[in-house]
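Worksheet for the structure shown next.
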Amino acid sequence: MTSILFLAGGILLFAVFALVYRILSLVDIARGNQNKRVGYSNTVNGLLFIVFFIVFFGLIAFYAPELSAGFLPEAASVHGKITDDLFWVTTGVTFAAFFLTHIILLISPYFFRFKESRKAYWWPDNTKLEIAWTVIPAIIMAVLVLTGWMAWSDITAPAPKDSEVVEIMGKQFNWHVRYPGKDRVLGAHNFRKIDAINAMGMDFNDKHNVDDFQPNEIHLPKGKPVLLKIRARDVLHSVFMPHFRVKMDAVPGMPTQFWFTPTETTAEARAKLNKPEFNFEMACTEVCGQGHFAMRFIIVVDEPAEYEKWYASQETWASRNKEYMAELQAKENAKNVAKK
Ligand SMILES: [Cu+2]
C-alpha cells in the first residue's frame, strides 16, 4: 500500500513540476523574455536535483527500521561483538561520506546554476583542498584497515591450549560431529576406513578413537574457547554459525579450523529474544548440491557445569556400534592368525 502511495505521490509531483514549467515558459513568452540566453530549465532541473535528494534520503530513513529488523540478533561470541562493531563503524563512516558528498552533488546544480548577472569564477586548482581530500580519507581508511587487520589477526590466531575441541565433517548431505571423549584427544581418521557405518572414517588402530562420541547436537560451554576442526568428505561445504559470527569453509583434502568463545547460553538467548523455541544453529553456506537445505545442525550453549554433565553422559561411538566393533575385532584376529 505505501509503495503505491509513493508511486502516486511521485507521479503527482512530476505533473506539478511539468505544469509549473509550462506556466513559467508561457509567462516568459508573454513578457517577451524568450530571447534570453537561458530560460527556466536550469532552475527547474536544479530544483529537481534537490527533490531527488530529499526523496532518496527520505526513503532510506523510511525503510531503515524495517530492513534492520531482519538483522541477526546481537553476536553471541567474543569476536562476534568485535566484528559487528567494526561493521557498524565502517558503515557509519562510509554512509557519512556518502551523505555529505551527495549534499554537495545534488544541491550545487541549483545554487550554482547559470545567471546572466553572474560571472563564473576561474578556479583551476586549489592545493590546500587537494591535500585535504587526499589526506583525510587516507587517514580514515588507514585507521579502518588497521583496526580490521588487528581484529582479523586476533580471530585467526592459534586457539588457546585449553580449548574444547569439536570435529565437524560435512558430506552430501549432512554434518557429522565428533568430540574427543574422556581422554580429550580426538582419534585419528583415515578416508580408507569410511564405510556405511563409520561415516567419519575413524581409524580404530588409534586407541584415542575408543572414547570419541558423535552427538546429534553440538553442545558448547559458555565462556570457554572452542576449537572447531573442520573437514569435508566430498565437495566444498561451509560451516556457518550466524549467531556466533563464525564462517569457515569445509574443504575436501584440506582441514580448516576456527576458534571462538560463546558468551551466551541457549537459555539466556531465548529469554533475551523472548522466543522459547529459539536455537543457535550451524548451517551449510556452500551451495553443495540438491540436498544442501538439509545441512542444519542445532547448537546448544550450556553453562560450563551443565556442559561437563552432558559431556560425561554421552555414549561413545564404539559402544553404540558394538556389532561393527566386534566385526572389526574379528577381522583383526583373523589377520593376526594368518600372520602367524
Ligand atoms: Cu553442504
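The values are calculated or read from the model by the stated rules, or taken from the named source; none is laboratory data. Here the structure is a predicted model, which is why all the values come from computation and not from measurement. No Cβ is skipped: glycine too gets one built from the backbone with ideal geometry, and neighbour counts run over all protein chains shown. We work out accessible area using only protein heavy atoms, side chains counted, and drop any ligands, DNA or RNA first. Shrake-Rupley method; radii C 1.70, N 1.55, O 1.52, S 1.80 Å.
Those residues that are farther than 17 Å from residue 73 by Cβ and of a type in the set (Gly, Ala, Ser), I need them from segment 240-271; list them, please.
Hits for segment 240-271 are 250, 253.
Sort through 183, 195 and tell me the only one that's in a loop (DSSP other than H, G, I, E, B), surrounded by fewer than 15 Cβ atoms within 10 Å (Cβ to Cβ) and touching a helix residue (DSSP H, G or I) at 6+ places or on another chain (Cβ under 7 Å).
183
For residue 316, state whether it is open to solvent by 30 Å² or more (accessible area, probe 1.4 Å) and within 16 Å of the ligand (Cβ to nearest atom).
no
Identify, please: which residue in segment 272-297 is within 22 Å of residue 166 (Cα to Cα) and more than 16 Å from the ligand (Cβ to nearest atom) and is, among those, nearest to the chain's Cα centre (by Cα)?
280
What's the number of the only condition in (1) away from the ligand (no atom under 16 Å from the Cβ); (2) open to solvent by 60 Å² or more (accessible area, probe 1.4 Å); (3) touching a residue at least 12 places away in the same chain (Cβ under 8 Å) that residue 301 fails to meet?
For residue 301, the failing item is (2).
Would you point out which residue out of 245, 233 is at positive phi, buried (at least 16 other Cβ atoms within 10 Å of the Cβ) and either basic (Lys, Arg) or in contact with a Pro (Cβ under 6 Å, 6 or more places away or on another chain) (or both)?
Selected residue: 245, the only one of 245, 233 that is at positive phi, buried (at least 16 other Cβ atoms within 10 Å of the Cβ) and either basic (Lys, Arg) or in contact with a Pro (Cβ under 6 Å, 6 or more places away or on another chain) (or both).
Show the residue pairs that are 6+ apart or on different chains and have beta-carbon atoms under 6 Å apart, the first residue being within segment 200-213 and of a type in the set (Gly, Ala, Ser), the second being open to solvent by 10 Å² or more (accessible area, probe 1.4 Å) and assigned to a helix (DSSP H, G or I).
That search, which allows pairs on different chains as well, returns 201/191; 201/193.
Can you tell me which residue is farthest from residue 59 (Cα to Cα) among those in segment 136-156 that are free of Cβ contacts under 8 Å to residues at least 12 places away in the same chain and open to solvent by less than 70 Å² (accessible area, probe 1.4 Å)?
Ranking the qualifying residues of segment 136-156, first place goes to 153.
Could you list, in sequence order, the residues of segment 156-181 that are within 16 Å of the ligand (Cβ to nearest atom), more than 22 Å from the chain's Cα centre (by Cα) and among the aromatic types (Phe, Trp, Tyr)?
173, the sole residue that qualifies.
Can you tell me which of 212, 249, 234 is in contact with a Leu (Cβ under 7 Å, 6 or more places away or on another chain) and within 15 Å of the ligand (Cβ to nearest atom)?
None of the others qualify; the one that does is 249.
Would you mind telling me which numbered condition in (1) open to solvent by 20 Å² or more (accessible area, probe 1.4 Å); (2) more than 18 Å from the chain's Cα centre (by Cα); (3) among the aliphatic types (A, V, I, L, M) residue 269 fails?
(1)
Output the residues belonging to segment 109-123 that are open to solvent by less than 100 Å² (accessible area, probe 1.4 Å) and either touching a residue at least 12 places away in the same chain (Cβ under 8 Å) or of a type in the set (A, V, I, L, M, F, W, C) (or both).
Across segment 109-123, the qualifying residues are 109, 110, 113, 114, 120.
Suppose the filter is over 20 Å from the mean Cα position of the chain (by Cα) and open to solvent by 20 Å² or more (accessible area, probe 1.4 Å); does residue 257 pass it?
Criteria not met by residue 257.
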